[in-house]
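The values are calculated or read from the model by the stated rules, or taken from the named source; none is laboratory data. Not measured: the values here are computed from a predicted model. Reconstructed Cβ throughout: ideal geometry from the backbone, glycine too, with neighbour counts over all protein chains shown. Side chains included, ligands, DNA and RNA excluded: accessible areas come from the protein's heavy atoms. Shrake-Rupley method; radii C 1.70, N 1.55, O 1.52, S 1.80 Å.
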Amino acid sequence: MGSKKKISLPAKLINGGVAGLVGVSCVFPIDLAKTRLQNQQGQGVYTGMRDCLVKTLRSEGFFGMYRGAAVNLTLVTPEKAIKLAANDFFRQLLSQDGKKLPLEREMLAGCGAGACQVVVTTPMEMLKIQLQDAGRLVIQQQKVLGSDGPTAPFSQPPQDRPYAAGPASAFKRPSATAIARDLLKTEGLMGLYRGLGVTLLRDVPFSIIYFPLFANINALGQRHSEEKAPFIHSFVSGCVAGCVAAVAVTPLDVLKTRIQTLKKGLGEDTYNGIIDCARKIWTHEGPAAFMKGAGCRALVIAPLFGIAQGVYFIGIGEYILRYFH
């Protein structure tokens, strides 16, 4: 990108928002499975992603796989807009006379983008995780207490009741509004920013890996530095870079998920900070536990960023602004 080519910030924000909405809509059920797999300790409820999705579908219905999607769809627009636009902004700020950015400056731009996005990411994931994990807690409680037996069949909840995890359950589905209200009442604004430190530890390295990797792979599809790569090339570049970065930071994502989860299942550990969380996971579950949900995370992030970068590079925001102009 030449130094004289100015970035239209409103267009980039629109592109990032649209990209986030499309991506999340496509992969949210897998993200739910990731959260539940990362949170279960010891002899868990689910044996893997497929088992988690099947049991969720049977016990909570189709919309059960989209618990927490509303808050995610609401906040993913500013989150992705900030992340993608900030990276572009920092790349232009660090560029010199239109020359290709050296790797260290690409990493620095990614670092800035990752740091900026946590303003929205932390409260978004704080609320989303509680909603995603609620169904697992009900099944885990039934399994521990044996209320329906460890092999009790799953049943579809009546349509006029909040979702349940079994015929004997009277569990009331939580709402993002109620959770946010309770957190603000008991802990103030910082309640919504629980896990901010570990979110930074996850998102900054992710962006440092993702953005330079994407930029270099995507550049292979450009005939000239001033032109955009084809849509399919940007899509594949986003998938590859997203997959690599997602797997690389999975241990930090596990720590973040555990720390941000407010309600634990019966007999599950609670944590007092990042070091305490890492120590207990290592001691009680072994080093392999730090990679829980890695496959799910790769399946979420790869298409999410593939779609995001594809839509982003189409330039929908530019078209919209041009139309209204």
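Between Leu127, Leu101, Leu145, Leu137, which is modelled with pLDDT under 90 and either of a type in the set (Val, Ile, Thr) or within 16 Å of Gln260 (Cβ to Cβ) (or both)? The match here is Leu137. Every test in (1) in contact (Cβ under 8 Å) with a residue 60 or more places away in the chain; (2) farther than 28 Å from Asp269 by Cβ is passed by Cys116 save one, and that test is (1).
The residues of region 44-58 that are at pLDDT 90 or above and of a type in the set (Gly, Ala, Ser) amount to a single one, Gly48.
Residues in region 35-42: is at least one open to solvent by 10 Å² or more (accessible area, probe 1.4 Å), within 23 Å of Ile209 (Cβ to Cβ) and modelled with pLDDT of 85 or more? Within region 35-42, one or more residues are open to solvent by 10 Å² or more (accessible area, probe 1.4 Å), within 23 Å of Ile209 (Cβ to Cβ) and modelled with pLDDT of 85 or more.
On the given criteria, is Ser25 assigned to a helix (DSSP H, G or I), surrounded by fewer than 18 Cβ atoms within 10 Å (Cβ to Cβ) and either among the aliphatic types (A, V, I, L, M) or in contact (Cβ under 8 Å) with a residue 12 or more places away in the chain (or both)? The answer is yes for Ser25.
Evaluation of Leu220 against the conditions (1) touching a residue at least 24 places away in the same chain (Cβ under 8 Å); (2) under 27 Å from Asp88 (Cα atoms); (3) hydrophobic (A, V, I, L, M, F, W, C) shows that the sole unmet condition is (1). One residue stands out among those in region 67-122 that are hydroxyl-bearing (Ser, Thr, Tyr) and surrounded by 19 or more Cβ atoms within 10 Å (Cβ to Cβ): the one that is nearest to the chain's Cα centre (by Cα), which is Thr121. Taking the criterion of being closer than 20 Å to Gly273 by Cα, assigned to a helix (DSSP H, G or I) and open to solvent by 10 Å² or more (accessible area, probe 1.4 Å), the residues of region 185-201 that qualify are Thr186, Glu187, Leu189, Met190, Leu192, Leu196, Gly197, Leu200, Leu201.
Summed over region 6-34, the residues that are of a type in the set (D, E, K, R), out of contact with any Asp or Glu (no Cβ under 9 Å at 6 or more places or on another chain) and at pLDDT 90 or above give a count of 1. Applying a threshold of 6 Å to beta carbon distances and a minimum spacing of six or more residues, or different chains, the list of pairs starting in region 180-202 at a residue that is under 19 Å from Leu75 (Cα atoms) and ending at one that is acidic (Asp, Glu) reads Arg202/Asp253.
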